[in-house]
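Colleague: This structure is in structure tokens; I'll ask about it shortly.
Derivation of every value follows stated rules applied to the coordinates shown; laboratory data play no part. Just so it is clear, the model here is predicted, and its values are computed rather than measured. Positions of Cβ are generated from backbone atoms using ideal geometry, with glycine treated the same way; all protein chains shown enter the neighbour counts.
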Amino acid sequence: MTIDPTSPLGLMTAALRARQSAVGSLPAPPFQRPGGADDDEWRAQIESARDAHDRFALRSRQLADEVAVKLFGTRASSLPPLPVDAAPEATTARRTVPVDTGVDLRTISPDPRKLQLPNGTPPPLSTPAIVDVPVTVYRGVADGSGPCIISMHGGAFWMGGGAVAQELGGPFSIWLARALRATVIDVDYRLAPEHPYPASIVDLLSVLDWVRTHSVELQVDPARIAVSGVSSGANAAAIATVVEASRVIDAPPLAAQVLIVPSLNLADATADQRADTAALTARRSQILGYLGEHVDPAHPMVSPVLGAPASGLPATVVVTADHDEIALGGAEWAELLRVSGTPVTHLHYPMTHTISTPDTAVRMTREMTAALARCLRPRMPPASADGAALVGSAPPGPLTDG
């Protein structure tokens, strides 16, 4: 769908892209090892390219705010006012979660044949047996246990982590922790190509298990945990949720998942990418860098919309864009979940994958948070015939398509 150049989104998109083009060209990410390069040389090349792309992402956020202020009088990254019952503040703590790098999805799932899980791609660089995955814990709960949202940043599977994730995503995580009186945990997961599929998914599931194990210390209600992701991070969140639903463990199931402009079909390309040879080549290189040569991008546990099990999953919030030039599969996955009986809220907005007007950004944040809040309400035990509470919990109330 073409953006109306006279619409608020059209005006903002044109102005922002003009400013971005003036920043200059970016180095092509070295997703495949250059001939003759040893581990240290290739790692240095990856880190140099990643740093350049991360700095461009930060600059793009600054430019978007400048353009929005000029056009609309307020920043593009504006957040809604906090609810009247929001937590007065949120604390921030840095932790690490040990992850066994020898674990893959076939190890985690009780029946890898049922999910037809692919073999993971061996790391192309030397990797320790145990790695410490950093997490940032934002806590907006004053006393007692509360809900928890485990969040995966975007970045095309290979960038957007570390300090950049904290700067770009931290303000929203703090806002969400206060708005929902929740604990929000941002995962600085391992990135491709050094850590290919399924490292990011394993990291998310490992953090989920860590939260459950430390729920008393973290003051998290194990029955009110959600996972969330943006773009490529939403791909990891969606797949982790499918795998999690197949596990037989002594823990309450996930309460919800939130998928924001999710990239759920890696086997295809958007119309914008197909019309741009350079963009299509870059996408194919990026997917190869994430999956390696032996994992099929059309596999359902890589591209969930192409056949991953859609039943038995937690209540889901899916956010999609009218003019998404990067990600595919969000709307289709929402419909598959709905047909399977999963409660779904599908929120659709006039924006691109990375650009929205301030009004749209505020409305999206407000509506998405309201939908998530419904999923994370305390679950009251159903009453027996004599009025006594039964062991167990009731599912969240029905969600509506938006």
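Colleague: Could you give the size of the charge dipole of segment 90-375 about its Cα centre, using +1 on the Cβ of each K and R and -1 on the Cβ of each D and E, expressed in debye and rounded to the nearest 20? Each step should come with its number before you reach the end.
Modeller: Working: 19 positive and 27 negative charges, 103 e Å.
In debye, rounded to 20, segment 90-375 gives about 500.
Colleague: Among Val362, Ala163, Gly341, pick out the residue whose Cα is farthest towards the positive end of the charge dipole of the chain, where Lys and Arg carry +1 and Asp and Glu carry -1 on C-beta, about the Cα centre.
Modeller: Val362
Colleague: Residue-wise, which Karplus ³J(HN,Hα) couplings in Hz belong to segment 285-297, taking 6.51 cos²θ - 1.76 cosθ + 1.60, θ = phi - 60°, and x for glycine or proline?
Modeller: Computed from phi, the couplings for segment 285-297 are 5, 5, 5, 5, x, 7, 9, x, 7, 10, 9, 6, x Hz.
Colleague: Further question: Let's see if you can work this out: charge +1 on each Lys and Arg Cβ, -1 on each Asp and Glu Cβ, no other charges. What is the dipole magnitude of segment 213-347 about its Cα centre, in debye to the nearest 20? Let's see the in-between values first.
Modeller: Working: 6 positive and 14 negative charges, 30 e Å.
My answer is approximately 140 debye.
Colleague: I've got another one for you. With just the Cα atoms defining each centre, how far is segment 123-163 from segment 292-307? Give it in Å.
Modeller: That distance is 24 Å.
Colleague: Label points 7 Å out from Cα along the Cβ direction at Ala275 and Ser126: separation in nm?
Modeller: Going from the Ala275 label point to the Ser126 one covers 4.9 nm.
Colleague: Here's a follow-up. Ordered by packing density, taken as the mean number of other Cβ atoms within 10 Å over each peptide's residues, highest first, how do 181-187, 312-318, 37-43 rank? Write down the numbers at each step before the final one.
Modeller: Values: 181-187: 26.6, 312-318: 23.7, 37-43: 13.1.
Order by mean packing, descending: 181-187, 312-318, 37-43.
Colleague: Does anything in segment 272-292 have its amide N under 17 Å from the 7 Å Cα→Cβ label point of Ala28, and if so which residues?
Modeller: In segment 272-292, the label zone of Ala28 (backbone N under 17 Å from the point 7 Å along Cα→Cβ) covers 276-290.
Colleague: Can you figure out the FRET efficiency of Glu41 with Val84, using R₀ = 51 Å and their beta-carbon distance, to the nearest 0.05?
Modeller: Numbers: r = 56 Å, r/R0 = 1.10.
Once the sixth-power term is evaluated, E becomes 0.35.
Colleague: What Kirkwood hydrodynamic radius, in Å, does the chain give when the mean of 1/r is taken over all pairs of distinct Cα atoms and then inverted?
Modeller: Numbers: mean 1/r = 0.0460 Å⁻¹.
About 21.8 Å for the chain.
Colleague: More than 19 Å apart: what percent of Cα pairs in segment 40-199 qualify? Write out the running numbers ahead of the final one.
Modeller: On the way: 8377 of 12720 pairs.
Value for segment 40-199 (Cα pairs over 19 Å): 66 percent.
Colleague: Determine, at each q value in 0.14, 0.27 (inverse angstroms), the log₁₀ of I(q)/I(0) that the Debye formula gives when each Cα of segment 222-272 is one equal point scatterer.
Modeller: Cα-only, vacuum Debye calculation for segment 222-272: -0.41, -1.02.
Colleague: Apply the Karplus parameterisation 6.51 cos²θ - 1.76 cosθ + 1.60, with θ equal to phi minus 60°, to every residue of segment 252-265 and state each ³J(HN,Hα) to the nearest whole Hz, in sequence, with x for glycine and proline.
Modeller: Result, rounded to whole Hz: x, x, 4, 7, 6, 9, 10, 10, 9, 5, x, 9, 10, 9.
Colleague: I would also like to ask the following. Under a Cβ-Cβ cut-off of 13 Å, what is the net charge of the residues other than Ala310 that fall near it, where Lys and Arg count +1 and Asp and Glu count -1? All intermediate terms of the calculation are to be shown ahead of the outcome.
Modeller: Values: positive: Arg338; negative: Glu332, Glu335.
Result for the local shell: -1.
Colleague: Just check segment 114-222 against the gyration tensor rule for me: Cα atoms, a ≥ b ≥ c as the square roots of the eigenvalues, rounded for a/c under 1.5, and otherwise prolate or oblate depending on whether a/b exceeds b/c.
Modeller: Details: a/c = 2.35, a/b = 1.61, b/c = 1.46.
Judged from the Cα gyration tensor, segment 114-222 comes out prolate (a/c at least 1.5, a/b above b/c).
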